[in-house]
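Asks: The following block contains the structure, expressed as structure tokens.
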Amino acid sequence: MANITTLHNKSTDQARRQLSEPFWVRWLLISSALLFLSLFLFVPLASVFSEALAKGVETYLAALQEADTWSAIKLTLLVAVISVPLNLFFGLAASWAIAKFEFRGKSLLITLIDLPFSVSPVISGLIYVLMFGLQGWIGPWLQDHDIKIIFAAPGIILATIFVTFPFVARELIPLMESQGCEEEEAALTLGASGLQTFFRVTFPNIKWGILYGVILCNARAMGEFGAVSVVSGHIRGMTNTVPLQVEILYNEYNYAAAFAVATLLALLALVTLVIKSWVEFRMKQQEIRS
Amino acid sequence: MKPTRKNNVLPGFGLTLGYTIFYLSIIVLIPLTALLFKTATLTWADFVATVTSPRVTASFRLTFGAAIGAAFVNAFWGTLVAWVLVRYRFPGRKLVDSLVDLPFALPTAVAGITLATVYSANGWLGKYLEPLGVKVAFTPLGIMVAMVFIGLPFVVRTVQPVLEELEPEIEEAAACLGANRWQTIARILLPAVTPAIITGFALAFARGVGEYGSIIFIAGNMPMKSEITPLLIITKLEQYDYAGATAIATVMLAISFLMLLVINLLQKWTRRYTA
């Protein structure tokens, strides 16, 4: 019996050697991959926190208590609170129509939904300036009625909605397509109403997908820079979001403060990654169970 | 419009599709049309003169050149990272795996000021590169560094699932038939992941061309030398040259659409190997 085990071990060892690389090759590949990631990801990430605390904790906390920083935080939260739910609602509607029904032009519609991801952020801002700016389509009419969109919060919100437009939809469409319609059809046959079917049958199946789309959408909405910088006008304490505040402080050579505000966004990114890994884990579990 | 499958009993098709098209139109389609209409107010001669002026063509060369260079760097290193993450076990692998998505989650302005600081002459990495004669911050090389940063997850996340789904039986069969490890990699594994690598390359390239936030802090932004196209659009806007900004934006938009088409075709090609 013991002989058989050692024999077995020997042959799997040999097989492993032929199906993998020698130890020193593996070691070399792992360390060069880690070195590359360190140069481009890990060292920069660590330096955000190191630069922010370079002049001590007191300077750090003072920078976060600036009135302009606070109004930037408030504006960023406002932008996210409006744009994320709108894109969530859209994502639910679009994925229901696309995943549960067959119709002509479906693949064109999916491509159009993905469009904002392939447009440069600067152009995403520019298109709203061209519509609502003073030289734009309805700019003069807006000025006559004293409505400000460009260089004001509405423009920032619109540009943010544009750049975060596909996040929820592109997450939910493949997920709902893979689940088919049988469960919903069964619920309807048993007398459930349309909304009951959605909330009791569809929603539990896609809740992790929704969360996944929403946190990525939120991270981008709070962190968007290019598109927002075109429409914001950079009015301190008025139309600056947190990323724009970072830019202003940095350009004023106030590095400690710039990095202090930047740590807020870096923490947001890290929290997003933690939630994302957790949701991926839960989605895998759900897949195994079904 | 009616769903083509007649026996579908699920409700809400008209409502959800109607809302989808309505929301898509007001947020995306109508504003993009505004850009095209604005360009149409230019005469053809003006349009050509704007987009072929030396400062604009210099920015195109720089932006596309740096984006191609960065995409090549990412195609190589991203594939290596994906390989290491899928095939080898080492302490901290899961942490490294989640941190690969950092460029997706970290706001570009933060990435920009951080890379500019780390790679500047007395920064953490710059102080070792400077004595070697390698200047990164405020040069075209810095632009490439920023593009490598933002493009990396695209390659890793496209190649990784393909590597994960490769059946070990294929490699076993190759080994049984007498192939050595190197032959198995070159003849079996590489052909299977090549479509994914090319798709990742295209995605990283497309992202690099449009990128603004992470680049402007490290670029130096000297006209003709280190001025990227998205920055030039903003400069024109700040000078109230709306027509000029629009003309350049239209060229970039046309290239983005072309890239989108290419990427869609590439993804179909990749799916043949994963399905």
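The values are calculated or read from the model by the stated rules, or taken from the named source; none is laboratory data. Every value quoted in this text rests on a predicted model; they were computed, and no experiment measured them. Glycine also receives a Cβ, built like all others from the backbone with ideal geometry; neighbour counts cover every protein chain displayed. With ligands, DNA and RNA removed, areas are computed over all heavy atoms of the protein, side chains included. Shrake-Rupley method; radii C 1.70, N 1.55, O 1.52, S 1.80 Å.
Asks: What number of residues in the range A:35-57 are facing chain B (nearest Cβ under 7 Å), open to solvent by less than 50 Å² (accessible area, probe 1.4 Å) and free of Cβ contacts under 8 Å to residues at least 24 places away in the same chain?
Replies: Looking only at that region, the number is 7.
Asks: Please enumerate the residues belonging to the range B:1-34 that are crowded, with 17+ Cβ neighbours inside 10 Å, at pLDDT below 90 and not small (Gly, Ala, Ser).
Replies: Listed by number, the residues that qualify are B:3, B:10, B:11.
Asks: Considering only residues that are within 27 Å of residue B:256 (Cα to Cα) and part of a loop (DSSP other than H, G, I, E, B), which ones fall in the range B:92-111?
Replies: Matches in the range B:92-111: B:100, B:101, B:106, B:107.
Asks: Between a first residue in the range A:157-183 that is within 11 Å of another protein chain (Cβ to nearest Cβ) and a second residue that is outside any helix (DSSP H, G or I) and crowded, with 22+ Cβ neighbours inside 10 Å, which pairs have beta carbons less than 9 Å apart while being 6 or more apart in sequence or on different chains?
Replies: Partner pairs satisfying both residue conditions: A:159/A:224; A:160/A:224; A:160/A:241; A:162/A:119; A:163/A:119; A:163/A:224; A:164/A:224.
Asks: If residue A:69 passes every condition in (1) over 22 Å from the mean Cα position of the chain (by Cα); (2) at the interface with chain B (Cβ under 7 Å from one of its Cβ atoms); (3) at pLDDT 90 or above; (4) part of a helix (DSSP H, G or I) but one, which one does it miss?
Replies: With (1) over 22 Å from the mean Cα position of the chain (by Cα); (2) at the interface with chain B (Cβ under 7 Å from one of its Cβ atoms); (3) at pLDDT 90 or above; (4) part of a helix (DSSP H, G or I) applied to residue A:69, the lone miss is (2).
Asks: Taking the residues in the range A:87-111 that are under 27 Å from residue A:226 (Cβ atoms) and touching a helix residue (DSSP H, G or I) at 6+ places or on another chain (Cβ under 6 Å) as candidates, determine which candidate is farthest from the other protein chains (Cβ to nearest Cβ).
Replies: This residue is A:88.
Asks: Now a separate question. For the range B:256-273, indicate whether the set of residues that are within 19 Å of the chain's Cα centre (by Cα), within 11 Å of another protein chain (Cβ to nearest Cβ) and either closer than 24 Å to residue B:116 by Cβ or aromatic (Phe, Trp, Tyr) (or both) is non-empty.
Replies: Yes, that holds for at least one residue.
Asks: Would you list the helices (runs of 4 or more DSSP H) that sit entirely within the range A:160-235 and hold 2 or more residues that are open to solvent by 20 Å² or more (accessible area, probe 1.4 Å)?
Replies: It comes to A:167-179, A:182-189, A:194-197, A:203-223.
Asks: While we're looking at this one, here's another question. Which residues, taken from the range B:177-195, are farther than 27 Å from residue B:154 by Cβ and surrounded by fewer than 17 Cβ atoms within 10 Å (Cβ to Cβ)?
Replies: If the condition is that a residue be farther than 27 Å from residue B:154 by Cβ and surrounded by fewer than 17 Cβ atoms within 10 Å (Cβ to Cβ), then B:177, B:178, B:180, B:182, B:183 are the ones that fit.
Asks: Determine whether the range A:125-133 contains at least one residue that is more than 22 Å from the chain's Cα centre (by Cα), outside any helix (DSSP H, G or I) and either within 12 Å of another protein chain (Cβ to nearest Cβ) or not aromatic (Phe, Trp, Tyr) (or both).
Replies: For the range A:125-133, residues more than 22 Å from the chain's Cα centre (by Cα), outside any helix (DSSP H, G or I) and either within 12 Å of another protein chain (Cβ to nearest Cβ) or not aromatic (Phe, Trp, Tyr) (or both): present.
Asks: Further question on the same structure: Tell me, which residue of the range A:210-243 that is more than 11 Å from chain B (Cβ to nearest Cβ) and in contact with a Ser or Thr (Cβ under 9 Å, 6 or more places away or on another chain) is farthest from residue A:66 (Cα to Cα)?
Replies: Filtering first and then ranking leaves A:217.
Asks: Then there is this: So which of B:162, B:145 is under 20 Å from the mean Cα position of the chain (by Cα) and within 11 Å of chain A (Cβ to nearest Cβ)?
Replies: The conditions single out B:145.
Asks: Any idea which of B:204, B:254, B:247, B:192 is part of a helix (DSSP H, G or I), closer than 21 Å to residue A:128 by Cα and touching a residue at least 60 places away in the same chain (Cβ under 8 Å)?
Replies: Matching residue, one of B:204, B:254, B:247, B:192: B:247.
Asks: Please work out which one of (1) open to solvent by 30 Å² or more (accessible area, probe 1.4 Å); (2) free of Cβ contacts under 8 Å to residues at least 24 places away in the same chain is the condition residue B:237 fails and give its number.
Replies: (1)
Asks: Here are some conditions: (1) modelled with pLDDT of 95 or more; (2) at the interface with chain B (Cβ under 10 Å from one of its Cβ atoms). Residue A:267 meets all but one. Which one does it not meet?
Replies: Result: residue A:267 fails condition (2) only.
Asks: Moving on. Taking the conditions exactly as written (within 11 Å of another protein chain (Cβ to nearest Cβ), farther than 30 Å from residue A:180 by Cβ and out of contact with any Leu (no Cβ under 6 Å at 6 or more places or on another chain)), does residue A:81 satisfy them or not?
Replies: For residue A:81, the condition - within 11 Å of another protein chain (Cβ to nearest Cβ), farther than 30 Å from residue A:180 by Cβ and out of contact with any Leu (no Cβ under 6 Å at 6 or more places or on another chain) - is not met.
Asks: Determine which single condition residue B:229 fails, assuming it passes every other condition in (1) within 11 Å of another protein chain (Cβ to nearest Cβ); (2) more than 18 Å from residue B:65 (Cβ to Cβ).
Replies: Among (1) within 11 Å of another protein chain (Cβ to nearest Cβ); (2) more than 18 Å from residue B:65 (Cβ to Cβ), residue B:229 violates only (2).
Asks: For residues that are open to solvent by 30 Å² or more (accessible area, probe 1.4 Å), in contact with a helix residue (DSSP H, G or I) (Cβ under 9 Å, 6 or more places away or on another chain) and more than 9 Å from chain B (Cβ to nearest Cβ), tally how many sit in the range A:252-263.
Replies: Number of matching residues: 2.
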